[in-house]
Amino acid sequence: MGPTFNGNACAMCHAQPTAGGSSPGLTAPEEPRPNPQVALATLHGATNSVPSFITAHGPVLVPRFVRKPDGTLDGDVHGMYTIAGRTDAKGCTLKQPDFARQIADNNVALRIPAPLYGLGLVENTPDAALRANLASTEAARSKLGIGGAFNVSPNNYTIARFGWKAQDQSLLMFAAEAASVEEGISNELFPDKRDAVPGCIFNATPEDSTSILNPNPQSPNFGTPPGTASEMSSDIVNFAAFIRLLAQPKPAPPTSSTENGEALFNQIGCALCHSPTLKTAVSIYPVMSEVTYRPFSDFALHHMGVRLADGIYQGAAGPDEFRTAPLWGVGQRLFFLHDGRTSDLLQAIEDHRSGANCNAPIGGAPLQPGCNSEADTVIRNFKELRPSQIQDILNFLRSL
């Protein structure tokens with residue numbers, strides 16, 4: 001692990017309500033847990049200070065810096081902690097970033113872990129199906145001021161669909177990137193260590209690899225027991241397989257309130273981005289083959305305005321653009337929106353509207369190119385509903 005890191009296990013972040021979910025928290029009905037990043041700061045003798053944005057009651061968070069010291073765009077994940085002081089990292093003296101200064105400079109953008117359930121179905125959805133789905137709502141979206149475009153891989157120009165800004169094309173890339181940037185583990189997709197300063201590198205790289213040289217006596221992989229069927233696969237391959245085979249969230253049985261809430265959800269325009277259904281292609285996994293599923297997402301990018309903007313560019317995604325967050329399983333999440341700013345679902349909905357100041361600086365620069373949120377008209381429709389109707393929509397969402 002390291003030299004810099006934000007976590008020491010995948011399930012540390014993806015824990016609610018079970019392994020593969022989103023951030024744990026003290027309000028979880030299943031297993032209340034404080035933010036594990038607090039204790040992680042000094043685990044095994046580490047000398048880290050806990051940044052002000054990390055609290056025991058808050059969500060697991062990952063920081064990105066909007067700009068570099070020279071004023072150019074940054075956008076990268078920055079490890080909160082270093083291995084300096086740990087009993088297994090003697091000699092490493094790498095210091096943490098100065099988060100107090102970065103926060104004062106309005107230069108920190110935060111992200112919570114996205115839930116991983118059902119993503120094998122998303123991965124196996126053809127680009128053509130995603131494009132056809134988006135095209136099918138174009139006229140209706142246009143009337144409400146809603147755009148939409150896909151982030152695409154710069155390698156083969158197919159649709160990327162994983163991550164808050166749809167920056168990753170596949171689950172293997174998603175797993176490999178997390179191993180590299182969140183845990184500091186080099187692997188076959190990201191073979192170099194991040195922040196590889198002298199005195200802080202202890203292992204040959206890549207640390208996680210396919211066992212092609214010595215597959216039998218003792219697995220070199222950090223998570224695979226020797227002698228198992230998966231011994232030759234690297235851990236990122238096994239992690240991707242685990243994610244790929246996670247079932248989609250199972251909604252609660254419908255009630256008259258949730259059924260009315262779903263009808264209103266469609267009526268006011270929410271479903272124009274949070275698409276209720278998509279269909280997979282033929283798959284090598286029979287249970288995923290030509291399956292109609294209900295993610296409540298079009299997996300496209302949309303301008304969300306200054307209230308939600310984080311100033312981060314990722315591929316085709318600009319500073320206020322985010323992939324439509326899938327809503328399946330939202331009823332079991334503890335924190336909402338990309339930065340976990342609220343545990344109130346109603347507040348999360350209302351935060352989809354534009355901010356009051358369209359020229360507010362994001363990371364020291366005016367928000368460009370967008371300003372208004374594409375959700376403004378939908379939110380206006382939502383706020384015109386009767387209180388009982390709003391409650392029906394909330395009940396519907398909590399049932400997913």
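So the values come out like this:
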item	result
Residues of region 334-352 satisfying the condition of being part of a loop (DSSP other than H, G, I, E, B), under 13 Å from the mean Cα position of the chain (by Cα) and at negative phi	Phe335, His338, Asp339
Leading residue by the ranking (nearest to Gly269 (Cα to Cα)) among those in region 120-134 that are surrounded by 15 or more Cβ atoms within 10 Å (Cβ to Cβ) and out of contact with any strand residue (DSSP E or B) (no Cβ under 7 Å at 6 or more places or on another chain)	Leu134
Some residue of region 36-54 being closer than 30 Å to Val330 by Cβ, of a type outside the set (Asp, Glu), part of a helix (DSSP H, G or I) and in contact with a strand residue (DSSP E or B) (Cβ under 9 Å, 6 or more places away or on another chain)	yes
The listed residue being at pLDDT 95 or above and over 20 Å from Pro198 (Cβ atoms), out of Gly79, Gly91, Gly71, Gly25	Gly25
Residue tally, condition at pLDDT below 95 and touching a His at 6+ places or on another chain (Cβ under 8 Å), over region 155-182	0
Top-ranked residue of region 145-167 - restricted to ones that are surrounded by fewer than 18 Cβ atoms within 10 Å (Cβ to Cβ) and within 17 Å of Ser373 (Cα to Cα), ranked as farthest from the chain's Cα centre (by Cα)	Gly145
Selected residue (only one of Arg353, Arg323, Arg341, Arg307 is modelled with pLDDT under 95 and within 16 Å of Leu110 (Cα to Cα))	Arg307
Residue match in region 364-375 (condition: within 30 Å of Ala28 (Cα to Cα) and at pLDDT 95 or above)	yes
Residue ranges of helices (runs of 4 or more DSSP H) in region 109-203 with at least 1 members touching a helix residue (DSSP H, G or I) at 6+ places or on another chain (Cβ under 8 Å) and closer than 21 Å to Thr324 by Cα	119-123, 138-143, 171-181
Index of the failed condition, Lys250 passing every other in (1) more than 30 Å from Gly184 (Cβ to Cβ); (2) basic (Lys, Arg); (3) in contact with a helix residue (DSSP H, G or I) (Cβ under 9 Å, 6 or more places away or on another chain)	(3)
Any chance Gly261 is at pLDDT 95 or above and either under 23 Å from Leu189 (Cβ atoms) or crowded, with 19+ Cβ neighbours inside 10 Å (or both)	yes
Among the candidates Thr137, Thr93, Thr82, residue that is more than 16 Å from Ile312 (Cβ to Cβ), buried (at least 21 other Cβ atoms within 10 Å of the Cβ), out of contact with any His (no Cβ under 7 Å at 6 or more places or on another chain) and touching a residue at least 40 places away in the same chain (Cβ under 8 Å)	Thr82
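The values are calculated or read from the model by the stated rules, or taken from the named source; none is laboratory data. Predicted model only: the values in this text are computed from it and were never measured. Don't worry about glycine lacking a Cβ; one is built from the backbone with ideal geometry, like all the others, and counts go over all protein chains shown.
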